[in-house]
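J.: Structure in structure tokens, see below.
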């Protein structure tokens, strides 16, 4: 297990935002250090597992803790979590994360807006694909739609403004670029992102044992596939939805 | 499973809701559940159900059902001019409906949302642990014409029970609500914040996701854009348009706009029952 790089432990700002919610905020930046703190703090709260804990919602720079009911001692709960965070080990902790490899077909059949991206970026279609597949993206949070991942960080050269008029329906599995962001639609939905590809994986299936393929904190990579491979994976997934776990490996967070 | 209703008219909107779908917000799934938790819980209490029994939530009337089995039910929440075979029926107390009768919700007389709760609750498919319908997330479907709604079990035919009149909530269309402070207040101009708490807002339109308010445009020091963070039922979000939106039971789990605060939970039912044009004033807790 690798040790996490030494970093100063940041004390979050805590605020009670409702009868059952506490918001912890770690600065104002979207960066790796903030992300480490958000993940570590989330893990600490989850492992603490006090009985009033309902769920936590991590985002770029905040962790919101929801309680099952309104406690009589809210201030104590906040104090206890803050002091536990302060005392927890700084340098010895490691984070084991899931690494997902998302197969994406960038064939022209699925890349409806590639010409728009080509025109805007002055890159060739091949360059766009390889720049999109190169990074390992951090899943900062899930929202907007069930299972929709907010990813960081798209190569700046690929940034392309959203469509002027959003499409009425973007199919689930669609991979797109919207401004400085990239993402995957987990459900058929209206959407204004530039469509550049499609994955045969179902990111969200409420009837599957693991309904959500992607979780906040995952590391995610795209891997290009052919139309034939797309069809093959799609039919395999339709027959064996649980086989989606083949696309997950565990690794230590660097 | 007892066939209870056949949907003849779907009306404005209707869906099955239980207490809600807890524990999936970090995956982007709203909590859902009743818009007016007070009317929902009182209804379950009156008829003696478990508090998580799936119930039918109806918006603004227009719905019509053919009764398929004799059963005991209770109707709570808004007065939607409910009729059984054309004759008015009591709300906030149980009564027995008989096979072949027509139960109709004619118009919103007081409030906007009513609950129909059969003894034992409706049958509902549990998706992610809840029977609450959230169509956008493939979690159930709203009322559809000709659909059959099933009760979980036969009616035991117990005594009729009700709430005494003094306990029945009334649905004022001029309300005041308490607000928990948001961490984003510094993003609004001082004038905007003052204006927010002095203004009487009116409800422009709304659904289970959010209620849009009409009032003066609120200004920001820079803009309303924030790094997206958690939102919940009752969050008052103000997008760059400057017009507040109250996030309701199907609230998105995270949002990218500045918020003013969150409405106190025990005031949310009053907000839910506002009709178009209803008035609302805010003050900090």
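J.: I need the strands (runs of 3 or more DSSP E) fully contained in region A:158-244, keeping only those with at least 2 residues that are within 14 Å of another protein chain (Cβ to nearest Cβ) and surrounded by 19 or more Cβ atoms within 10 Å (Cβ to Cβ).
T.: A:181-184
J.: Still on this structure, I have one more. So for region A:124-135 (the condition being touching a helix residue (DSSP H, G or I) at 6+ places or on another chain (Cβ under 7 Å), modelled with pLDDT under 95, away from chain B (no Cβ under 14 Å) and farther than 16 Å from residue A:184 by Cα), does at least one residue qualify?
T.: no
Condition check ((1) crowded, with 16+ Cβ neighbours inside 10 Å; (2) part of a strand (DSSP E or B)) across all residues:
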| residue | (1), (2) |
| --- | --- |
| B:211 | yes, yes |
| B:217 | no, no |
| B:233 | yes, no |
| B:246 | yes, yes |
| B:250 | yes, no |
| B:267 | yes, no |
| B:271 | yes, no |
| B:280 | yes, yes |
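J.: If you take the residues in region B:135-165 that are out of contact with any helix residue (DSSP H, G or I) (no Cβ under 8 Å at 6 or more places or on another chain) and within 14 Å of chain A (Cβ to nearest Cβ), which one is surrounded by the fewest Cβ atoms within 10 Å (Cβ to Cβ)?
T.: For region B:135-165, the residue satisfying everything is B:135.
J.: Is there any pair with a first residue in region A:46-69 that is within 10 Å of chain B (Cβ to nearest Cβ) and under 11 Å from residue A:24 (Cα atoms) and a second that is assigned to a loop (DSSP other than H, G, I, E, B) and at pLDDT 95 or above whose Cβ atoms are under 6 Å apart and which are 6 or more apart or on different chains, and what are they?
T.: Pairs found: A:61/A:26.
J.: Yes or no: residue A:18 surrounded by 21 or more Cβ atoms within 10 Å (Cβ to Cβ), outside the structural domain of residue A:218 (by TED's automatic domain parsing) and without any contact (Cβ under 8 Å) to a residue 12 or more places away in the chain? Outline the logic, then answer.
T.: On the way: surrounded by 21 or more Cβ atoms within 10 Å (Cβ to Cβ): yes; outside the structural domain of residue A:218 (by TED's automatic domain parsing): yes; without any contact (Cβ under 8 Å) to a residue 12 or more places away in the chain: yes.
So residue A:18 fits the description; yes.
The values are calculated or read from the model by the stated rules, or taken from the named source; none is laboratory data. Computed from a prediction, not measured in an experiment: that's the story for all the values here. Because the Cβ atoms are built from the backbone with ideal geometry, glycine has one as well, and the counts that use them run over all protein chains shown.
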